[in-house]
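The values are calculated or read from the model by the stated rules, or taken from the named source; none is laboratory data. All of these numbers come straight from a predicted model, not from anything done at the bench. Glycine gets a Cβ as well: all are built from the backbone with ideal geometry, and neighbour counts include every protein chain shown. Surface areas here come from the heavy atoms of the whole protein model, side chains and all, with no ligands, DNA or RNA. Shrake-Rupley method; radii C 1.70, N 1.55, O 1.52, S 1.80 Å.
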Amino acid sequence: MKVERLAIPDVILVTPPRFSDNRGFFSETYNVDRMKDAGITLPFVQDNQSLSRQKGVVRGLHCQLDPHAQGKLVRCTKGAIWDVAIDARTGSPTYGKWVAAELSEENWSQLWIPPGFLHGFCTLTDNAEVQYKCTGLYDKASERAVIWNSKELAIDWPIKPEEAVLSDKDLEAPEFSAAKGWFEYK
């Protein structure tokens, strides 16, 4: 398994190997021991999957507050996405900074986003399927969001604002400054 720490070292890009032959391929996409070796040690308790039918769908920026905070191991099994993690841990040396990676069915990479981070993605293709493992169960009362194109974050999205396809909830999300105090750096 290839392991790469990004500019925010707590965010990890992992790429499991694929073994191909004339029938297709096989890949071990999750192995608790290999993930521990990569620095991903929290147990996963929930799996999610989404389908975005068109290019330009933006989902996020989302998180859940403690005690229901979620770490996420995200992968794209069909199409491609641009996946973003934002450090929302007050007191962190990388607070308010973001990193991104392209995840696709071609590159087979997965992005580990620890608890205390906002998460969002933009589809780069039509019919993008995203699957992710979570370290916490969904809890509606703990759910929070920040506007995807927050001026305070200046995320360099691969689409223009007029191309973004958003849910009503994500359209109404506040600026990043609303996240101050949601998480503490430990």
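Things worth noting here:
- Scanning the stretch 43-64 for residues that are under 16 Å from the mean Cα position of the chain (by Cα) and either at negative phi or free of Cβ contacts under 8 Å to residues at least 60 places away in the same chain (or both) yields a count of 15.
- Considering the stretch 1-29, the residues that are farther than 18 Å from Phe117 by Cβ and open to solvent by 80 Å² or more (accessible area, probe 1.4 Å) include one that is farthest from the chain's Cα centre (by Cα), namely Asn22.
- Comparison of Glu184, Glu105 shows that the only residue that is within 30 Å of Pro16 (Cβ to Cβ), in contact (Cβ under 8 Å) with a residue 12 or more places away in the chain and out of contact with any Leu (no Cβ under 7 Å at 6 or more places or on another chain) is Glu105.
- When Ser177 is tested against (1) among the small types (Gly, Ala, Ser); (2) closer than 20 Å to Ala101 by Cα; (3) open to solvent by 60 Å² or more (accessible area, probe 1.4 Å), only condition (2) is not met.
- Residues satisfying the stated conditions in the stretch 70-95, i.e. crowded, with 19+ Cβ neighbours inside 10 Å and not in a strand (DSSP E or B): Gln70, Gly71, Gly79, Ala88
- Residue, farthest from Trp108 (Cα to Cα), within the stretch 43-52, restricted to residues that are open to solvent by less than 70 Å² (accessible area, probe 1.4 Å) and not hydrophobic (A, V, I, L, M, F, W, C): Gln46
- Unique match (being among the aromatic types (Phe, Trp, Tyr) and on the phi > 0 side of the Ramachandran plot) among Trp108, Trp98: Trp108
- For the residues Gln54, Gln49, the requirement of being farther than 22 Å from Asp87 by Cα, assigned to a strand (DSSP E or B) and not hydrophobic (A, V, I, L, M, F, W, C) singles out Gln49.
- Residue check, Ile113 in contact with a His (Cβ under 7 Å, 6 or more places away or on another chain), crowded, with 19+ Cβ neighbours inside 10 Å and in contact (Cβ under 8 Å) with a residue 24 or more places away in the chain: yes
- Enumeration of residues in the stretch 128-150 that are among the aromatic types (Phe, Trp, Tyr) and open to solvent by 20 Å² or more (accessible area, probe 1.4 Å): Tyr132, Tyr138
- Here Ile40 fulfils each of the conditions (1) in a loop (DSSP other than H, G, I, E, B); (2) surrounded by fewer than 20 Cβ atoms within 10 Å (Cβ to Cβ); (3) of a type in the set (A, V, I, L, M) apart from (2).
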